[in-house]
Number of protein chains: 2
Amino acid sequence: MAGAEFARPIVTVDIVLLTLQEGKLCVALLPRPGEPFAGIPALIGGYVHTDEDADAEAAVQRILSSKAGLEGIFFEQLRTFASARRDPRDWSVSIAYFALVPRGALEDSASTLELRPVEAAGKLPFDHNEIVDAAVERLRGKGAYSTLPARLLPAVFTMSELQAIYETVMGERLDPSAFRRKINDLDLLEVVEGEKRQTERARRPTTLYRLKMPVAVFDRKI
Amino acid sequence: MAGAEFARPIVTVDIVLLTLQEGKLCVALLPRPGEPFAGIPALIGGYVHTDEDADAEAAVQRILSSKAGLEGIFFEQLRTFASARRDPRDWSVSIAYFALVPRGALEDSASTLELRPVEAAGKLPFDHNEIVDAAVERLRGKGAYSTLPARLLPAVFTMSELQAIYETVMGERLDPSAFRRKINDLDLLEVVEGEKRQTERARRPTTLYRLKMPVAVFDRKI
């Protein structure tokens, strides 16, 4: 291999940005700005800029910021999709990430973002359907024993809201008292002192919670 | 992004090839054939050949075959390491994989392979120490609930050999009857009919087992 060089592939990052809308897990798409597939909604992504990105994560942050107006959100590397056939332009590497945001975080950011339920995302360009499926599988596979689903909630939430998120992500109903016991056993939450919320259903104001662990420890197994 | 092009990074695959030697989990290294780090033992890897590799997995197979004489062994994508700083030549992407083989599979293959315990791999070139650590973490994280550790054994093995592999991978002693009960509950193994092995310890010949699932279903959660 000494000194040998080979034609280099295209290298991009692509981000499966997931949020909840109307009780459904949705993926955020952006119309592609140019060929191939110009104007067709696709995953948020772009070339690695070797002149300015320190690493792949820096490319993800730059693209989330410039294309979706998002700063400081949770993301994690998913898997790399790399083949001669996935992009009509050339041999192509997509380092894929998935990101989770509360719906509210998208309000002012990107009016051009289109949210589609992951189960009905339609035919996406490249192998983006496969990348979305891998992200959903990762989230569901980890959801049962991680705090990942809580990333879809605002920082402060009720126990019912938390349970609803887990139910949506996992696609199954959970028993409220068993859920509360499991969450308490896991010691993931802390009560937000001095704040309660009056909901329609409950007679007394509802306790509010937030994740105990720092944001950096996002993926602790539970 | 329409039509825009950026200087493309180097793209390689690197393989953390793990096996067991003298009861220790070891990584297989090869002296680098050229600069940078010429002659220094490093992970088995190489450039993606865009003119002949259909995808990253094809590159892994080509490199395992040409550099280590290995065909048809188990491997799985680990994570991609991509940054401006990891390779002195240029902005560089390493799509990292890990592979598991029984020690016997390396006998005639690569006499140039050097096996080092993962806990004492020494200082490796690039970020290869970090890649080895990620592979070991993945194996240990999954080991407790997957059939991955059994990939380190020959196709046919005794229950004691299987337990020893799990103990080595997980770094903890396991109770034999609890281990046997768990493995039986999981329904992973089948008895190799008509074959038994006489060991020194046991008075009667010992039952031999093999994995029940096809090789392709290598990573079923248990």
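Observations, loosely collected:
- Pairs of Lys residues in chain A are counted when their Cα atoms are under 19 angstrom apart and they lie 8 or more places apart or on different chains; the count is 9.
- FRET efficiency, A:R203 to B:D90 (Cβ-Cβ, R0 60 Å, nearest 0.05): 0.40
- Projecting the Cα atoms of A:L186, B:T80, A:P149 onto the dipole axis of the protein assembly as shown, where Lys and Arg carry +1 and Asp and Glu carry -1 at the beta carbon, places A:L186 farthest toward the positive end.
- The charge dipole of chain B, taken about the Cα centre with unit charges on the Cβ atoms of Lys, Arg (+1) and Asp, Glu (-1), comes to about 880 debye, rounded to the nearest 20.
- Under a model in which nothing but the beta-carbon of Lys, Arg (+1) and Asp, Glu (-1) is charged, the stretch A:1-114 shows a dipole of about 420 debye around its Cα centre.
- Proximity of backbone amide H atoms, modeled 1.01 Å from N, is registered between A:T147 and A:R220 at under 5 Å, excluding neighbours fewer than 5 places apart on the same chain.
- With the label put 7 angstrom out from Cα along the Cα-to-Cβ vector, A:R103 ends up 5.8 nm from the copy partners, going from closest to farthest.
- FRET E, pair A:N129, A:A54, Förster distance 45 Å, beta-carbon r, rounded to 0.05: 0.90
- With its label point put 7 Å out from Cα toward Cβ, A:G194 sits 7.9 nm from the same residue's point in the other copies, in order from shortest.
- Computed on the stretch A:148-211, with alpha-carbon pairs under 8 angstrom and 6+ residues apart, the relative contact order is 37 percent.
- Size of charge dipole - the protein assembly as shown - debye, nearest 20, with Cβ of Lys, Arg +1 and Asp, Glu -1, no other charges: 1680 debye
- Compactness of the stretch B:1-105 is given as radius of gyration and Dmax, 15.1, 56 Å, from Cα positions.
- Here the Karplus curve 6.51 cos²θ - 1.76 cosθ + 1.60, taken at θ = phi - 60°, turns the phi angles of the stretch B:11-27 into couplings of 10, 10, 10, 10, 10, 8, 8, 10, 8, 10, 9, 6, x, 10, 6, 10, 10 Hz, with x standing for Gly and Pro.
- Measure of compaction for chain A (Cα Rg per 2.2 N^0.38 Å): 1.14
- Local net charge near A:R32, Cβ-Cβ under 14 Å (Lys/Arg +1, Asp/Glu -1): -1
- Neighbourhood net charge (11 Å Cβ-Cβ; Lys/Arg +1, Asp/Glu -1) for B:L208: -1
- Neighbour-limited loop hits for trypsin sites (Lys or Arg not before Pro), the stretch A:143-199 (at most 16 other Cβ within 10 Å; DSSP other than H, G, I, E, B): A:R173
- By average C-beta atoms within 10 angstrom, highest first, the peptides B:69-78, B:31-40: B:69-78, B:31-40
- Between copies, the label points at B:K182 (set 7 angstrom from Cα along Cα-to-Cβ) are spaced 2.0 nm, reported in nanometres from shortest to longest.
- Net charge over other residues, Cβ less than 11 angstrom from the Cβ of A:P41 (K, R count +1; D, E count -1): +2
Each reported figure results from applying straightforward, stated rules to the coordinates on display, with no laboratory input. All of these numbers come straight from a predicted model, not from anything done at the bench. Here Cβ is always computed from backbone atoms with ideal geometry, including for glycine, and neighbour counts include all displayed protein chains.
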